[in-house]
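Quick notes on the structure that follows.
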Amino acid sequence: MNNIFLVGLMGVGKSTIGEELAANLGLKFMDTDAEIERMQKMSIQEIFQLYGESRFREMEHEFLLKLEAENSVISTGGGMACFHNNLPLMKELGSVVYLMMDNETLAKRLWVKRKSRPLISHSKSIEDLVRILAEQREKREVYYLGSDHVLDVSNKASCEIVSELKLLIKKLN
Ligand code: S3P
């Protein structure tokens, strides 16, 4: 299928990098959160408020089961790889790359955007956000690390990350 899935914690830059990588490789780009928002005609925040997280996880899984993408770069919501056996499914549909970034850098990037992320909108300070991210990492890294490749993106410019991803993808194919 030749798809490339980008997974990792929220705030790591999956969507920005994914879009840049797709443009660079001449592939299509898809963002799972944006697709689910479009299909449900509401924001992720509203989906969480109205239906709760577990229904959102089902929506993510259903989305993946129905996915017909080919030759696409697909940026996934931060939790997608960690629920409903989604990671093996993604690996069947393409190559999966885990974009990894340290908690402190992530927290700084996410602080101003926290209100639109239901799982961190309650954080009281950057320190509190670091703690929440550390807890999430603890639960999720076991899944992320099952990806086909891990790329440390801390302190790297997006053009550098895209170049490294291109090299990785060459090796994976
Ligand atoms: C989530 C991450 C979000 C979005 C939702 C849940 C998570 O996506 O899917 O708020 O569980 O980590 P981003 O990783 O694009 O922020």
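Bear in mind these aren't lab numbers, they're just calculated from the coordinates by the rules spelled out. All figures in this text were calculated on a predicted structure; none of them were measured in a lab. Cβ placement follows ideal geometry from the backbone for every residue including glycine, while neighbour counts extend to all protein chains displayed.
Starting from the Kirkwood Rh over alpha-carbon pairs, what translational D in µm² s⁻¹ does region 1-59 have by Stokes-Einstein at 4 °C and 1.567 mPa s? Approximately 101 µm²/s, per Stokes-Einstein.
Applying 1/(1 + (r/R0)^6) with r as the Cβ-Cβ distance of residue 62 and residue 126 and R0 = 35 angstrom yields a FRET efficiency of 0.50. In a solvent-free Debye calculation with one equal scatterer on each Cα, what is log10 I(q)/I(0) for region 104-173 at q = 0.17, 0.22, 0.25 Å⁻¹, listed in the order of the q values? Each listed q corresponds, in turn, to -0.79, -1.02, -1.09.
Beyond 30 Å in Cα-Cα separation lie the following of the pairs 41/170; 66/124; 113/170; 115/139; 41/156; 66/139: 41/170; 66/124; 113/170; 41/156. With both labels modelled 7 Å from their Cα along Cα-to-Cβ, the residue 150 to residue 28 distance reads 3.2 nm.
Taking θ as phi - 60° and the Karplus parameters 6.51, -1.76 and 1.60, the scalar couplings of region 102-115 work out to 6, 4, 5, 4, 4, 4, 4, 5, 8, 3, 6, 9, 4, 5 Hz in sequence order, x denoting glycine and proline. Applying the Karplus relation 6.51 cos²θ - 1.76 cosθ + 1.60 with θ = phi - 60° to region 76-89 yields 3J(HN,Hα) values of 9, x, x, x, 4, 5, 9, 10, 6, 6, 5, 4, x, 4 Hz, where x marks Gly and Pro. Against the empirical curve 2.2 N^0.38 Å, the C-alpha radius of gyration of region 1-148 lands at a ratio of 1.00. Its convex hull of Cα atoms gives region 59-119 a direction-averaged projected area, equal to a quarter of the hull surface, of 5.1 nm².
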